[in-house]
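Since every read-out is calculated from the coordinates, none of them should be taken as a lab result. Computed from a predicted structure; not experimentally measured. Cβ placement follows ideal geometry from the backbone for every residue including glycine, while neighbour counts extend to all protein chains displayed.
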Amino acid sequence: MELRVNGVSHRVDADPDTPLLYVLREDLQLNAAKFGCGLGQCGACTVVIDGTAAYSCITPIAALEGKQITTLEGLGSTDRPGPLQRAFIEEQAAQCGYCIAGMIMRAHALLLKSAHPTDAQIRTQLEPNLCRCGTHMRILRAVRRAAESRSANPREPK
Amino acid sequence: MTRRLESGCETGVRVSRRAVLQGTGALILAFASGRRPTAQEAAGDRARRGLLQRPGSLARQPYLDGWIRIDADGEVTAFTGKAELGQGIKTALLQVTADELAVPLERLKLVTADTARTPNEGYTAGSHSMQDSGTALRNAAAQVRELLVAEAARRLDIAPERLTANNGVVTAEDGRRVSYGELVSDTLLHVQAQPTSRLNRPDRYRFIDRPQARVDIPAKVTGASAYVQDMRLPGMLHARVVRPPSYGAQLTGVDTGDIERMPGVVRVVRDGNFLAVVAQREFLAIKAMRALATRAQWQETASLPQVQELTQALLALPAQDYTLLDRQDPTLNLTSWHEATFTRPYVAHASVGPSCAIAQFQEGSLTVWTHTQGVYPDREAISELLGMPSEKIRCIHVEGSGCYGHNGADDAAADAALIASHVPAHPIRLQWMREQECAWEPFGPAMIARARASLDSRGRIAAWEYGVWSNTHATRPGPAGNLLAGQECARAFRSPAPRPLPQPEGGGDRNAIPLYVIPRAKVVHHFIPSMPLRVSALRSLGGYMNVFSIESFMDELAQVSRSDAVEFRLRHLEDPRAREVINTAAQRFGWARRTPGGRGKGCGFGFARYKNLAAYCAVALEVDIEAGSGKVRVGRVVAAVDTGQVVNPDGVRNQIEGGILQSLSWTLFESVSFDTRRILSVDWSKYPIMRFSAVPASVEVHLIDRPGEEFLGCGEASQGPAAAAVANALAEATGTRLRDLPLRPQSA
């Protein structure tokens, strides 16, 4: 079947019941989405599907034909980080970092819908995602910083 | 900026050129008088008195070229036996090395824990990395720089004091330059380190004590390969284990036939009670594992205590008593005693990413990529498990999900290694499932503490008695019997008898001795060898529970003596650094001006010096308890920290902030649940941890500047103080003291 990930179409040869997470990691060799629980409880696997944050660990690829899937890799690279990624670097918002890809993708979904989220909206949006290192304060600051930098630079790609 | 290396009149330090040139004799140091000696000078003083010991891990691995290598093209590589666990150690080690070696940080490479390449520094644990490896690399770098300058002096025929080292080049006053790459030879750095080094002066630091962006973060926030989970090796296969349903369960039968015939399944591995499946693709390995689990028959025993009666069950087990402190004062006339008992349940490391490892067995050699805390001890364990000489095994640390102590990392490495020994040639990638991580990781032990104290007429503590009951906090490999695969395989390795970790650092008794000055004091560690649940090291070991208990009890005593909690602590403290940390936290929080507590709102304070020998940390915070639900909202949190010489200020803040939030999660939410057979808290719905809705409104961390002092280690320093602060705030808010963790005000 055909999967559209980060703006590129990929022909994927996997069972339709395979959760998207394994196809991203194994077939497309994308590292960002992580296995955390396989139950949709921790958010480490979060990607954005048609503008909405989703748990890739419990979303079978059969449900994804024709949908636009965005992973952390779609927001930028180490050499050219996107605004959210830059904000996470500037705030040094990671310890082990295992949860961060999911955090950024869920924040990305919020910023797609709301350019000026309140602090309460950011917290509510990130509620499904777990961080064990206790990096929450920095994650919140990074999302706020990214939101503000977008407002300041309206022509920056969103 | 350039730095003069030889400037006796400026630094008050003179160095014998001959000693430097020979690289053998101890450096002869003389100090200017009239000020307190720095840690470096104190070390020099010890050296003069003949108490020579090389600093940090140089004591264990003295050769300089084991730590620092300079290639002919000037490329510099530092080596550490410590591992990046997300605590930012790589960056801090690069900072100290770059500073002392006088090279730009971005030109330095760092190789971390790898049995084929780096020194053996044991485990990356106990907030020891800066003390052990930071101190070693810093001194090694300084000594390498001195050797390079001495070599330049020889070649240029000029006194070393007329040379400066900067940016990897030694420059003479007359403008002649020679690069490190040109100076270095095969043998120049193959010398043993001296006990003392001419370290950079704090006012000349270029990287130390300056915020440095962590080198590991860009890859982590962009999806570059950053974790062992992200490795993809040619020919790699995916494995999953089928763990027993409960501790000690015996595999009485399993029909593997139709599993092995599933397309894409490579094979089923059975070795005693150890059961695993290997497949070509990851999700297929998971499906095969699930199918295999339904075909396995296990004989289980009900060996666990009733969770509701855990305290009584633990106290009923035989204990070995160790008296840690017994200070008598027969002149005391004690009238009344105050008593309290505190309990903590089993707590999980609960990393967000389940443990993972890759192992490849090829031509009689085994390579294991693992997020273990100790590549060398892990290698010994795997060597015993597989009956292979350890020289044939290489363990390479690759980052995994957060660590926080002895979690499933070593077990996953052993699982992968055992499977790889049955399926040679292919790299075997093994990752645990969520329920396996939650059920099988070694937990932080359940503990009980009893405190008793008597106050004198002036409101000071006259007598203090404290007992703590705990299992061991150290069942790390080492021995193969400490690995799940070791226990489950047909050879059934037995775990060695548990032993308490010795003071002064201690295990269950870590921080059991109060830092407060009390005339009569007795502290006893009741060590319980028998372990109903699998336990081992969780961040700060017993320090969390003992500080929670002592600092809760201090507030109770302050209340009895009608004293302010902060003032009451200061009344019993002589250590000026402890007092400064407490005063700083109190002032920055506005403790003296705070609103009186009650009606669901309260403030709390907690303090400890981690292990009584590492970083000092005080935490003040406010809570607001939602009426009806009892939900605890933590508002403003203020912490003060003295961790000696700070290397990466933002790194310290990140560690302290993280420790506070993790401790709040342990303290307010966490408890491993089980019935008499099985662990029940096997996912995030049954083992809830802090989510964003419970995150404090703000966290401030104030660092106390201690230029030139020893590194103290801060990674675990805030666990205990944060727990005590929230306990004390809840008591002020509700008027009811909660002593059983996790603290749930609605149950009061």
Relative contact order for region B:306-395, counting Cα pairs under 8 Å that sit 6 or more residues apart, in percent: 18
Residue among A:P16, A:A54, A:L3 farthest towards the positive dipole end of region A:2-74, charges placed on Cβ: A:A54
Dipole of the protein assembly as shown [Lys/Arg +1, Asp/Glu -1 at C-beta], most positive-end residue of B:A463, B:L52, B:L712: B:A463
Mean Cβ neighbour count within 10 Å, used as a protection proxy, ranking B:406-418, A:72-84 highest first: B:406-418, A:72-84
Ordering of B:504-514, A:108-118, B:55-65 by burial proxy (mean other Cβ atoms within 10 Å per residue, highest first): B:504-514, B:55-65, A:108-118
Qualifying lysines (Cα of each under 25 Å from Cα of A:K67; at least 8 residues distant if same chain): A:K34, A:K113, A:K158
Three-way shape call for region A:76-152 based on the alpha-carbon gyration tensor, with the a/c threshold at 1.5: oblate
Inter-chain Cβ neighbour average for residues A:97-105, partner chain, 10 Å: 5
Nitroxide proxy distance, nm - points 7 Å out along Cα→Cβ at A:Q29 and B:T331: 7.8
Largest-first principal axis extents of the Cα set of region B:468-559 (Å): 58, 20, 18
Separation of the B:S185 and B:E75 label points, Cα + 7 Å toward Cβ, nm: 2.3
The protein assembly as shown: Rg to Rh, with Rh as the Kirkwood radius over Cα pairs: 0.97
Debye-sum result for region A:2-74 in log10 I(q)/I(0), which assumes one identical scatterer on each alpha carbon, at q = 0.15, 0.19, 0.20 Å⁻¹: -0.39, -0.65, -0.73
Summed residue charge, Cβ within 11 Å of B:T77's Cβ, Lys/Arg positive, Asp/Glu negative: +1
Net dipole in debye of chain B [+1 Lys, Arg Cβ; -1 Asp, Glu Cβ; about Cα centre; nearest 20]: 660
Ratio Rg/Rh [Cα only; Rh per Kirkwood] for region B:151-253: 1.28
Sequence-separation-based contact order of chain B, relative, with Cα cut under 8 Å and 6+ spacing, percent: 14
Rounded if a/c under 1.5, otherwise prolate or oblate - chain B, Cα gyration tensor axes: oblate
Dipole magnitude (debye, nearest 20) for region A:2-74, charges at Cβ of Lys, Arg, Asp, Glu: 240
GluC sites (Glu not before Pro) within region B:157-232, DSSP loop, no more than 16 other Cβ atoms inside 10 Å: B:E173
Inter-label distance, nm, simple model (7 Å from Cα along the C-beta direction), B:S629/B:Q312: 3.5
Neighbouring partner chain Cβ atoms per residue of A:33-43, average, 10 Å criterion: 6
Among B:A213, B:Y516, B:I358 the positive-end extreme of the charge dipole of chain B (Cβ point charges): B:Y516
P(r) tail fraction, region B:670-748 - alpha-carbon pairs more than 15 Å apart, %: 74
Rounded to 5, the percent of DSSP beta bridges in the protein assembly as shown classed as antiparallel: 75
Within-10-Å neighbourhood charge of B:E622 [Cβ basis; K, R +1; D, E -1]: +2
Under 22 Å from B:K109, Cα to Cα: lysines that are on another chain or at least 8 residues apart: B:K82, B:K90, B:K220
Residue-count net charge about B:A276 - beta-carbon cut-off 11 Å; Lys, Arg +1, Asp, Glu -1: +1
Value of [θ]222 nm, deg cm²/dmol, for the protein assembly as shown, DSSP H segments ≥ 4, -39500 (n - 2.57) each, nearest 500: -8500 deg cm²/dmol
Shielding score for A:18-31, defined as the mean number of other chain Cβ atoms within 10 Å: 4
Orientation-averaged projected area, Cα convex hull of region B:297-371 (nm²): 12.9
Sequence-distant lysines (8 or more away, or on other chains) whose Cα lies within less than 22 Å of B:K601: B:K631
Pairs of Cα atoms farther than 22 Å apart, region A:1-127, %: 32
Given charges at beta-carbon only (K, R positive; D, E negative), |dipole| of the protein assembly as shown in Debye: 1320
